[in-house]
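We did not get these values from a lab; they are worked out from the coordinates using the rules stated. Model, not experiment: these values are computed from the prediction. In this analysis, Cβ positions are derived from the backbone assuming ideal geometry, glycine residues included, and neighbour counts consider all displayed protein chains.
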Amino acid sequence: MPPLDFKDFQEKLSTHFRPFHRSFQFWVRAVDVYTGYKVFQLRVSFVKDAKKQEEMWEVQHELAAEKIYATCADLGGFFLKIAQIIGKPDLAPAAWVRRLVTLCDRAPATPFDAIQPVLEKELGQSIGEIFERFDVDPIGSASIAQVHRARLRGDKNDVVVKVQHPGVQDLMMTDIRNLQAFALYIQKTDVKFDLYSVTKEMEKQIGYEFDFTREADAMERIKRFLYENNKKRPVLVPRVIRDMVTRRVLVMEYIDGIPILNLGDEIAKRGINPGGKLAAAAKQKILESLTLAYGQMILKSGFFHADPHPGNILICKGSEVALLDYGQVKDLPDKLRIGYANLILAIADNDPIKASESYRELGIETLSNCKDEQNELFKLAQTMFDTKLPPGVVMLQPFAEDSSIKKVAVQAFPEELFSILRTVHLLRGLSVGLGINYSCADQWRPIAEEALVRAGRLKDKGVKSRARQSGFFRRIFSQQ
């Protein structure tokens, strides 16, 4: 009988119990944050002074922010994605945003000695045989993978090597199932929204992210689509090194640029007034390019990059925008694509009746007991599917008593629409971060019209000429 390898036995035991320990950690922390807010809501209700209430809320948000940050940072994995979703200026309290925004693209890196065997097994050769230079320290690390800068033998240009963290898939699936259970409870008690369907779509989409061959195909498809539909592509898409793609490794061209989160610092470093006209023009161009690309992808193609969080956006020379990481993409069925085009027109036309019809067409089921149901439903449509905050709203607070989600319960929400919802909310977060409040529905109106004309849902009344009109953002921003 071979001798017992105690270290090997210990590692296997640790691996076996890791999901249970992780689940325990999640529930202890989630219950702590949730009950903290519930107790606080009761305590603050006895305070009549509005200013005092506001001060108390700020302190509570600061306390919760530290706990949420610690949870996401300590557990990593899927919770880093949660931080990316909720850590946005328009959605979460300012205290949360200040803490969570620092987690974008800052997942703990896997040591190189654990990454090297994955690379060499997947590519079938040693690193020294493939690469002339390979930077051991990654230039970025996210929840699923990390990226290294390198140079292939015999080549003059640098590449990026994306490699998956070993064992991360099982842990992320554990995280998602815990979140689904929490979502079921929250939607029954506090937020009248079909959160469970949202988490089911997240489970499906993140499952795709573990196959880098699928990501490479998506990158090439979107790159080709944007090239064919524009004289100049609104965003840069990295070129895939086709013979160096496997399920767990993806090699692509290196694009030089600065993360969009560092844009303000870069502008100041160049001696440009961050609040001046030159900086405003640069931000306007960046936002115009990014949202134009998304309008075309969602409404014309239906196949789109579904993860525009700040860590995936680089700003290059001349305010060009590079869009990275195609692990999360969505192929929207034509029925939903056309239904969303119709909703975009309703929002752009400020038409509550058409918005209600579009909700039904999209399969969004709502229940309302408020007096002004139609207008409240329209406000909910703006909140969910447009980047411009509704009049009088400076921050979305789904737990607030006067929020649309409290007044109009969303009983059923098609899973496939979550990718659009998340994308629009991330774009809104970027616009708020850049200090620009604008409507993507207004910008996408001509694209939506063209999609409806092609589907035979709208008569052509000069749609193409309107779609080509320039100066859209000049008109939008002149109204700010």
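For the chain, the residue among Phe134, Tyr34, Gly295 whose Cα projects farthest onto the positive side of the dipole built from Cβ charges is Gly295. For the stretch 12-78, the dipole from Cβ point charges (+1 on Lys and Arg, -1 on Asp and Glu) about the Cα centre works out to 360 debye, to the nearest 20. Computed over neighbours whose Cβ is under 15 Å from that of Lys67, the net charge equals 0, Lys and Arg +1, Asp and Glu -1.
The distance from the alpha carbon centre of the stretch 189-228 to that of the stretch 433-450 is 22 Å, rounded to a whole number. Compared with the direct C-alpha span, the chain from Arg151 to Lys459 gains 105.6 nm at full extension, assuming 0.36 nm per residue. With bins 10 Å wide beginning at 0, the percent of Cα pairs of the chain falling in each bin runs 4, 18, 29, 27, 16, 6, 1, 0, 0.
Based on the mean of other Cβ atoms within 10 Å per residue, sort peptides 210-217, 239-246, 267-274 so the most packed one is first.
Packing order, densest peptide first, comes out as 210-217, 239-246, 267-274.
Dividing the helix sum by the residues of the chain, where each DSSP H run of 4 or more adds -39500 (n - 2.57), gives a mean residue ellipticity at 222 nm of -17500 deg cm²/dmol.
Work out how much length Ala268 to Ile353 would gain on full extension: take 0.36 nm times their residue separation and subtract the Cα-Cα distance, in nm to one decimal. So the chain would gain 26.0 nm between Ala268 and Ile353. With K and R counted +1 and D and E -1, the other residues having a Cβ less than 13 Å from that of Thr174 yield a net charge of 0. What the Cβ-Cβ distance of Tyr208 and Glu62 gives, at R0 = 35 Å and to the nearest 0.05, is a FRET efficiency of 0.45. Computed about the Cα centre, the dipole magnitude for the chain is approximately 1360 debye when only Lys and Arg (+1) and Asp and Glu (-1) carry charge, each at its Cβ.
Summarised as an ellipsoid, the stretch 18-79 has semi-axes of 30, 12, 5 Å, derived from the eigenvalues of the Cα gyration tensor scaled by 5 and square-rooted, with the largest first. Ordering Met384, Met297 from the fewest to the most neighbouring beta carbons within 10 Å gives Met384, Met297. Simple rule: put +1 on each Lys or Arg Cβ and -1 on each Asp or Glu Cβ in the chain, find the dipole, and look at Gly327, Pro238, Gln164; the Cα lying farthest toward the positive end is Pro238.
Placing unit charges on each Cβ (+1 for Lys and Arg, -1 for Asp and Glu) gives the chain a dipole about its Cα centre, and among Val410, Ala381, Ala451 the Cα reaching farthest toward its positive end belongs to Ala451. Extension gain, Glu220-Thr189: 0.36 nm per intervening residue step, less the Cα-Cα distance, totals 6.8 nm. Taking 7 Å steps out from each Cα toward its Cβ at Phe46 and Glu373 produces label points 3.9 nm apart. Only lysines eight or more places from Lys192 in sequence, or on another chain, were considered; those with a Cα closer than 22 Å are Lys38, Lys88, Lys200, Lys371, Lys379, Lys406, Lys407. Here the dipole of the stretch 186-244 is about 420 debye; that uses its Cα centre as origin and unit charges on the Cβ of Lys and Arg (positive) and Asp and Glu (negative).
On a per residue basis, the convex hull of the C-alpha atoms belonging to the stretch 155-229 measures out at 147 Å³.
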